[in-house]
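The values are calculated or read from the model by the stated rules, or taken from the named source; none is laboratory data. All values reported here derive from a predicted model rather than from experimental measurement. We place every Cβ from the backbone using ideal geometry, glycine too, and count neighbours over all the protein chains shown.
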Amino acid sequence: MRRAFAAALCAVLAALTAPAVMAVSPAPLGEMVFFARDSAELGDNQKDKLRRLVPVIRQFSQILVPAIHQFSRTTIQTCQTVRVAGHLDKAEASRGKAGTVDRLRAQAVRDVLREAGLTELDIYVFTYGGDRPLAQNAPDDEPQNRRADIVWSCPLSWVQ
């Protein structure tokens, strides 16, 4: 909480001295879960990991972030979105799984987050197929690339 307050205070001070439009986006917060080959089924450990994330995401979503309009007013916004991206390894992508297994992985994560009580936030599901491998120079069936990324962030921004 102190870190969020310090970031907001820095944003206010910077806005007071800024001559033009500026934006600051803090590093997004996130987590990953992994899947078996050609599967979108989450194991019990992965489901538990997602359930433990819900209070963390919820707490972050309640932080009020200033959107500062230079020389006029400050408005407050909250962080209300979570993005879940499904990924494939090279072998899955080469077998034409893109758009199906990766989407099912992201949807499985979304469903567990919703079942665990994260119903008040928007959860966006999208896919990358095999285009963004975590392990780049790995064998085609690299387990680290069979994953879903869960990201939540809220940009601090101010405009003239």
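Looking only at the stretch 121-160, which residues are modelled with pLDDT under 90, of a type in the set (D, E, K, R) and closer than 16 Å to Val109 by Cα?
Asp122
So which residues in the stretch 130-145 are in a helix (DSSP H, G or I) and surrounded by 16 or more Cβ atoms within 10 Å (Cβ to Cβ)? Before you say what the answer is, go through the steps one by one.
Quick first cut of the stretch 130-145, residues in a helix (DSSP H, G or I) only: 143-145.
Across the stretch 130-145, the qualifying residue is only Asn145.
Mind checking which pairs have a first residue in the stretch 29-58 that is closer than 25 Å to Ala93 by Cβ and a second that is part of a helix (DSSP H, G or I) and charged (D, E, K, R), Cβ under 8 Å, 6 or more apart or different chains?
Note: pairs meeting the criteria are Glu31/Lys49; Val33/Lys49; Phe35/Arg105; Arg37/Glu92; Asp38/Glu92; Ala40/Arg105.
For residues in the stretch 96-110 being among the charged types (D, E, K, R) and closer than 10 Å to Gly130 by Cβ, which is surrounded by the most Cβ atoms within 10 Å (Cβ to Cβ)? Quick ask: steps written out before the conclusion?
From the stretch 96-110, those among the charged types (D, E, K, R) are 97, 102-103, 105, 110; that's our starting set.
Now drop any that are not closer than 10 Å to Gly130 by Cβ, which leaves 97, 102.
Values: Lys97: 20, Asp102: 28.
Going through the qualifying residues, I end up with Asp102.
I'd like the full set of residues that are touching a residue at least 24 places away in the same chain (Cβ under 8 Å), among the basic types (Lys, Arg) and part of a helix (DSSP H, G or I), limited to the stretch 91-129.
Arg103, Arg105, Arg110
List the residue pairs whose Cβ atoms are under 6 Å apart, where the first residue sits in the stretch 144-156 and is over 10 Å from Met32 (Cα atoms), the second is at pLDDT below 70 and surrounded by 15 or more Cβ atoms within 10 Å (Cβ to Cβ), and the two are 6 or more positions apart or on different chains.
Partner pairs satisfying both residue conditions: Cys154/Val65; Cys154/Cys79; Leu156/Ala11; Leu156/Val65.
Over 23 Å from Pro133 (Cβ atoms) and modelled with pLDDT under 90: is that true of Ala67 in this structure?
yes
Can you pull out every residue in the stretch 1-59 that is at pLDDT below 60, closer than 24 Å to Thr127 by Cα and of a type in the set (Ser, Thr, Tyr)?
The answer is Ser25, and nothing else.
So, in the stretch 36-50, exactly how many residues are closer than 10 Å to Val109 by Cα and either outside any loop (DSSP other than H, G, I, E, B) or charged (D, E, K, R) (or both)? Can you show your working first?
Applying the first criterion (closer than 10 Å to Val109 by Cα) to the stretch 36-50 yields 40-42, 46-47, 50.
Restricting the remaining residues to those that are either outside any loop (DSSP other than H, G, I, E, B) or charged (D, E, K, R) (or both) gives 41, 46-47, 50.
So the answer is 4.
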